[in-house]
1. Can you tell me, using C-alpha contacts under 8 Å and at least 6 residues apart, the relative contact order of the range 106-197 as a whole percent?
2. Find out how many positive minus negative residues lie around ILE317, taking Lys and Arg as positive, Asp and Glu as negative, among other residues whose Cβ is under 14 Å from that of ILE317.
3. Hey, what number do you get for the chain at 222 nm if only DSSP H runs of n ≥ 4 count, each worth -39500 (n - 2.57), divided across all residues, to the nearest 500?
4. Could you pull out the pairs from LYS368/LYS390; LYS108/LYS132; LYS295/LYS373; LYS289/LYS320; LYS322/LYS390 whose alpha carbons sit more than 18 Å apart here?
5. What does the charge dipole of the range 148-218 about its Cα centre add up to, to the nearest 20 debye, if the Cβ of each Lys and Arg holds +1 and the Cβ of each Asp and Glu holds -1?
6. Would you kindly calculate the translational diffusion coefficient of the range 97-188, applying Stokes-Einstein with the Kirkwood radius from alpha carbon pairs, for 10 °C and a viscosity of 1.306 mPa s, and quote it in µm² s⁻¹ without decimals?
7. Run the Debye formula on the Cα coordinates of the range 298-450, all scatterers equal and no solvent, and tell me log10 I(q)/I(0) at q = 0.08 1/Å.
8. When DSSP assigns beta bridges and you keep just the ones with both residues in the chain, what percent turn out antiparallel, to the nearest 5?
Amino acid sequence: MSNPMKSPLSRRRFLKLAGTGSALAAVSAACAPAAAPAPTAAPAKPAAPAATSAPAVIAKPFAGKELTVFAGNHHDTNVRDLWIPLFQEKTGAKVTYTSIGGGDADAKYAVFLASQDGSQDVLYSWETFTAKYGRGLFEDLSGFKKPLLDSLNAVPVKALTFLGKQYGIPFDSNMAIFMWNTELYQKAGLDPDKPPESWTQFAEHSKKLTKDGNYGTLFTLGDGNSSFFTFLSIFNSTGALLLSEDQKKIMVDTPEGLQTMTAFYDGVVKDKWIDPAGLTINSSIEQGKVFRGGKIGHYYAFPNHYGLAMDATQSQIVGKVKTGIIPGLKLRSGSGNGFEGYSMNRFSKNKELAMAWLEFTVSPEVQKLVALKWGRAPALAATFNDAEVKAAAPQFAAVAEQVKYPAPRYGSPFYFDVGTAFNDHMNKLLKGEGTPKQACERVQVDAQKAIDEYWAKVK
């Protein structure tokens with residue numbers, strides 16, 4: 001891969017777009033009055049009264065223009081029904097929205113990059129996409145308004161960077177939190193108001209909960225990088241880095257990696273308090289369904305799963321769930337994440353309008369929609385303190401605390417290759433093959449090979 005071309009949007013031009021004031025702010029502000037003329041000598045006769053001026057009209061800054069947005073199909077309902085009408089109303093622009101599956105988006109982005117295709121102004125992004133396409137396809141947003149970036153939760157902002165450059169703006173803080181079944185706690189003789197505060201306590205509670213067909217917890221440990229994500233959710237609480245800062249070395253065969261691998265081995269194979277059904281589950285959706293069936297003591301879940309647990313049409317544990325932060329191995333907590341956002345296509349001819357969309361997605365009005373209508377934890381920190389949000393979504397209090405702890409998903413161009421190494425060897429371990437040390441060694445070899453092969457192609 002050759003060195004990426006310099007961005008067609010110069011830093012000076014970018015800072016002009018990002019620093020002279022939001023286009024969206026102009027939508028809500030009236031036109032400024034003209035400066036008063038310099039005073040002159042008084043006229044010989046009284047001046048006739050001035051004609052009454054027409055009221056100022058608030059111009060829509062992008063009237064008649066078209067914005068093209070390319071996003072994942074799991075956002076369809078919310079983007080089409082909530083965001084687009086509001087954005088069009090505020091800006092006067094027409095939004096053409098194309099949705100596509102995640103795997104198909106990856107393939108499309110490769111084509112966009114190869115052909116320098118600027119037909120899509122805004123591109124859906126997450127950690128792996130910003131890492132994989134940031135240096136070629138996505139605009140460097142490092143000059144994006146710093147005060148605005150500072151108003152967002154730092155963890156998702158950092159997640160959409162690669163090698164120190166900001167290639168995406170997150171619209172949520174979608175990170176795993178801790179949920180537990182208060183009814184099962186009471187039946188096991190545990191205090192439902194005192195969740196575990198460490199992995200040791202978590203294991204102790206889970207052992208007591210594992211009886212009468214119930215299990216202490218359930219993890220996603222099937223295919224599709226699920227073992228990798230689950231591993232990260234616990235490994236992050238060791239305080240160690242799994243991937244070096246320069247993205248060139250994996251550190252699984254380490255004391256922290258072994259501690260994490262052993263924790264899962266003990267829970268599944270040795271002490272059997274982790275539901276083995278998780279070995280075939282590769283989706284948080286399926287994991288949530290099992291939890292809502294009332295047979296699992298606690299699990300790690302994205303915040304919107306709390307709302308599902310409170311829905312009587314699809315849950316048997318309504319009113320029996322509480323939320324908190326994930327118990328950690330060394331640190332008090334750590335987490336995995338699913339942060340999402342948008343990036344600007346560096347080949348776009350509509351960068352001012354694309355910038356307006358990025359700002360729009362993290363505006364207070366839209367972030368409140370993300371929380372109340374979408375069920376996702378907002379990226380804008382202040383939204384957690386909104387009275388309506390606090391009343392409607394009590395689980396976000398856990399997110400506000402969880403976001404203080406490490407949650408890297410290690411967005412990298414080789415994320416899926418590393419995930420495959422984990423799934424191959426960690427899944428085998430949890431089915432009774434080998435030791436935790438051997439699993440760490442095998443993951444280390446295969447993951448490092450994938451990383452080395454990637455960097456060998458990059459000049």
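1. This gives 22 percent for the range 106-197.
2. Residues close to ILE317 contribute a combined charge of +4.
3. -11000 deg cm²/dmol
4. LYS295/LYS373
5. Dipole of the range 148-218, to the nearest 20 debye: 220 debye.
6. 103 µm²/s
7. Log10 I(q)/I(0), no solvent term: -0.36.
8. 65 percent
Rule-based calculations on the coordinates, nothing more; no lab input. What you see is a predicted model; the values in this text were computed from it and never measured. Because the Cβ atoms are built from the backbone with ideal geometry, glycine has one as well, and the counts that use them run over all protein chains shown.
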